[in-house]
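Below is one structure; the comments refer to it alone.
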Amino acid sequence: MKLNKILYYISTTIFTIIILFSVKMYVFNHDFIKGAFVSLGYPTYIIYPYAAAKFLGLIVIWQPKFKRIKEWAYSGFFFAVTLAFLAHIMTNDGGEAMAIIALLTLVISYIFYRRIHASTLK
């Protein structure tokens, strides 16, 4: 059980750092992100709400009392990171490695979250 918690906290911390870096880029390097969104054909008005959703998702993942919403947050992050990987591949900007790391740490975090809380999630 102790190893499960250690792996959960390490993977969740790494994932959190990656997402916080992403949020920081969305907020403080808006022009660069805006250019990336335009090149992919995404509307630029979603940049700030998307950053806020990522930040709120991290709060939900770290908060132990949001068990039902936590499943949705993990799901949302899975789709966001998968689509980010595909976007980086399409733009050929070299960011796909970070998306892969984010995806792996997210999956590891979710697996060990489920293992730790298996008895309380039913």
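Key figures for this structure:
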quantity: Test result for Gly41, of a type outside the set (Phe, Trp, Tyr) and within 12 Å of the chain's Cα centre (by Cα); calculated: no
quantity: Every residue from region 16-63 that is farther than 29 Å from Ile108 by Cβ and not in a helix (DSSP H, G or I); calculated: Gly41, Pro43
quantity: Count of region 27-63 residues which are under 19 Å from Met90 (Cα atoms), surrounded by 13 or more Cβ atoms within 10 Å (Cβ to Cβ) and aromatic (Phe, Trp, Tyr); calculated: 2
quantity: Residue pairs meeting the criteria (Cβ under 6 Å; at least 6 apart or on separate chains; first farther than 30 Å from Thr120 by Cα, in region 68-95; second in a loop (DSSP other than H, G, I, E, B)); calculated: His88/Gly95
quantity: Residue list for region 71-96, restricted to those being assigned to a helix (DSSP H, G or I) and touching a His at 6+ places or on another chain (Cβ under 9 Å); calculated: Glu96
quantity: Complete set of residues in region 65-96 that are among the small types (Gly, Ala, Ser), farther than 15 Å from Ile33 by Cβ and at pLDDT below 90; calculated: Gly94
quantity: Scope region 96-122; condition loosely packed, with under 13 Cβ neighbours inside 10 Å, without any contact (Cβ under 8 Å) to a residue 24 or more places away in the chain and closer than 21 Å to Lys5 by Cβ; matching residues; calculated: Ala118, Ser119, Lys122
quantity: Selection count, region 15-66, where residues are of a type in the set (S, T, N, Q) and either at positive phi or touching a residue at least 24 places away in the same chain (Cβ under 8 Å) (or both); calculated: 3
quantity: Meets criteria (closer than 17 Å to His88 by Cβ and more than 18 Å from the chain's Cα centre (by Cα)) for Phe21; calculated: no
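The values are calculated or read from the model by the stated rules, or taken from the named source; none is laboratory data. Since we're looking at a predicted model, the values are computed, not measured. Here Cβ is always computed from backbone atoms with ideal geometry, including for glycine, and neighbour counts include all displayed protein chains.
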